[in-house]
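To keep things clear, I will list the structure first and then write my remarks on it.
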Amino acid sequence: MNDKFLNISIDDLSDSFSEISNCIKKYYPIGLTREDENYFSYSGIVALNEIIKKNDEKEWNIGLLEKLKLDFHEISETTAGLVPNFSGVIRLNNTFESRTELHFYKSLIGNYFTIEVLENIHLKEISHPVFGKRKTWAIENIVVSPVGEYEEVFLKVYQSIVEKYKGVKFLPYIFDLYNINNLDVPYKSNNEVVTIAGAFFQKFSSYEKSITIIGDINYQIDRLKKDGDNGKLAQTSH
């Protein structure tokens with residue numbers, strides 16, 4: 001396991017962020033895997049599948065995406081498969097060798113969203129124990145808050161989302177660095193660990209040790225606290 005990740009139980013998450021924890025427990029059967037005969041009959045999984053099935057792509061396309069197209073021409077909707085979120089990509093820089101993109105995600109099962117800039121996406125040669133040398137996509141940096149040259153575009157997308165969805169809250173990158181014990185979701189690979197953020201979004205990127213995190217991993221975290229929550233996760237290095 002990547003040494004950047006920390007593990008957390010759903011009960012510990014409840015102590016820190018009860019609203020987020022309650023949402024996860026509502027839709028996912030903690031402690032059951034997809035191999036269990038009761039997994040897909042769990043009321044939350046049934047409800048999740050119905051939400052995804054009823055997801056109105058037209059509303060998405062003529063709503064937030066159309067709004068963002070007024071400011072960004074290089075933009076596309078990227079939602080694919082049975083995932084619990086909308087998603088989109090704004091291309092910021094594109095060359096023959098690499099590209100930089102802003103990715104945004106809005107959850108279908110909770111009123112949460114997130115934004116990240118993937119900087120210098122490029123092909124990298126790796127050695128596979130079975131297939132030998134092969135090419136795979138790699139990311140140099142993940143920018144997780146409005147900083148530096150991406151501050152303006154980050155904040156513009158942020159503002160468009162909060163104007164579109166009443167009461168929506170930003171889920172900061174620290175929630176990508178915590179795996180929830182005994183959580184299995186239907187849209188991940190078998191035996192793949194699931195982060196807190198992974199319960200709400202199926203992202204293009206997954207964190208690797210070679211990637212540098214830039215910005216505040218706790219950006220807007222205070223807005224997620226409810227009365228009685230201590231609202232604290234251990235700080236991780238970045």
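The values are calculated or read from the model by the stated rules, or taken from the named source; none is laboratory data. Since this is a predicted model, take the numbers as computed values, not measurements. Please note: Cβ atoms are built from the backbone with ideal geometry, for glycine as well, and neighbour counts cover all protein chains shown.
Taking the range 32-49 as the search range and keeping residues that are of a type in the set (S, T, N, Q) and not in a loop (DSSP other than H, G, I, E, B), which one is farthest from residue 185 (Cα to Cα)?
Among those residues, the one meeting the criterion is 43.
Looking at the range 137-161, which of the residues that are assigned to a helix (DSSP H, G or I), out of contact with any Pro (no Cβ under 6 Å at 6 or more places or on another chain) and touching a residue at least 12 places away in the same chain (Cβ under 8 Å) is nearest to residue 109 (Cα to Cα)?
Of all residues in the range 137-161, those assigned to a helix (DSSP H, G or I) come to 148-161.
If we keep only those that are out of contact with any Pro (no Cβ under 6 Å at 6 or more places or on another chain) too, we end up with 148-153, 156-161.
Applying the additional criterion that residues be touching a residue at least 12 places away in the same chain (Cβ under 8 Å) yields 148, 150, 153, 156-158, 160-161.
Working: 148: 32, 150: 28, 153: 26, 156: 24, 157: 21, 158: 19, 160: 20, 161: 16 Å.
Restricting to residues being assigned to a helix (DSSP H, G or I), out of contact with any Pro (no Cβ under 6 Å at 6 or more places or on another chain) and touching a residue at least 12 places away in the same chain (Cβ under 8 Å), the top hit is 161.
Could you list, in sequence order, the residues of the range 1-52 that are more than 30 Å from residue 222 (Cβ to Cβ) and hydroxyl-bearing (Ser, Thr, Tyr)?
Of everything in the range 1-52, those that are more than 30 Å from residue 222 (Cβ to Cβ) and hydroxyl-bearing (Ser, Thr, Tyr) turn out to be 33, 39, 41, 42, 43.
For the range 54-65, state whether one or more residues are charged (D, E, K, R), surrounded by 11 or more Cβ atoms within 10 Å (Cβ to Cβ) and either touching a strand residue (DSSP E or B) at 6+ places or on another chain (Cβ under 9 Å) or at pLDDT below 80 (or both).
Of the residues in the range 54-65, the ones charged (D, E, K, R) are 54, 56-59.
After this cut, where a residue has to be surrounded by 11 or more Cβ atoms within 10 Å (Cβ to Cβ) as well, the list is 57, 59.
With either touching a strand residue (DSSP E or B) at 6+ places or on another chain (Cβ under 9 Å) or at pLDDT below 80 (or both) added as a condition, the list becomes 57, 59.
Checked the range 54-65: at least one residue is charged (D, E, K, R), surrounded by 11 or more Cβ atoms within 10 Å (Cβ to Cβ) and either touching a strand residue (DSSP E or B) at 6+ places or on another chain (Cβ under 9 Å) or at pLDDT below 80 (or both).
Do we have any residue at all in the range 70-87 that's modelled with pLDDT of 80 or more and surrounded by fewer than 11 Cβ atoms within 10 Å (Cβ to Cβ)? Spell out the reasoning first.
First pass over the range 70-87, keeping only residues modelled with pLDDT of 80 or more: 70-77, 83-87.
After this cut, where a residue has to be surrounded by fewer than 11 Cβ atoms within 10 Å (Cβ to Cβ) as well, the list is 70, 73.
Looking through the range 70-87, at least one residue is modelled with pLDDT of 80 or more and surrounded by fewer than 11 Cβ atoms within 10 Å (Cβ to Cβ).
Quick check on this structure: which one of 167, 198 is under 17 Å from residue 233 (Cα atoms) and either in contact (Cβ under 8 Å) with a residue 40 or more places away in the chain or assigned to a helix (DSSP H, G or I) (or both)? Spell out the reasoning first.
Numbers: 167 fails: under 17 Å from residue 233 (Cα atoms).
One residue alone meets the criteria, 198.
Limited to the range 92-121, what total is found for residues that are within 13 Å of the chain's Cα centre (by Cα) and free of Cβ contacts under 8 Å to residues at least 40 places away in the same chain?
Looking only at that region, the number is 1.
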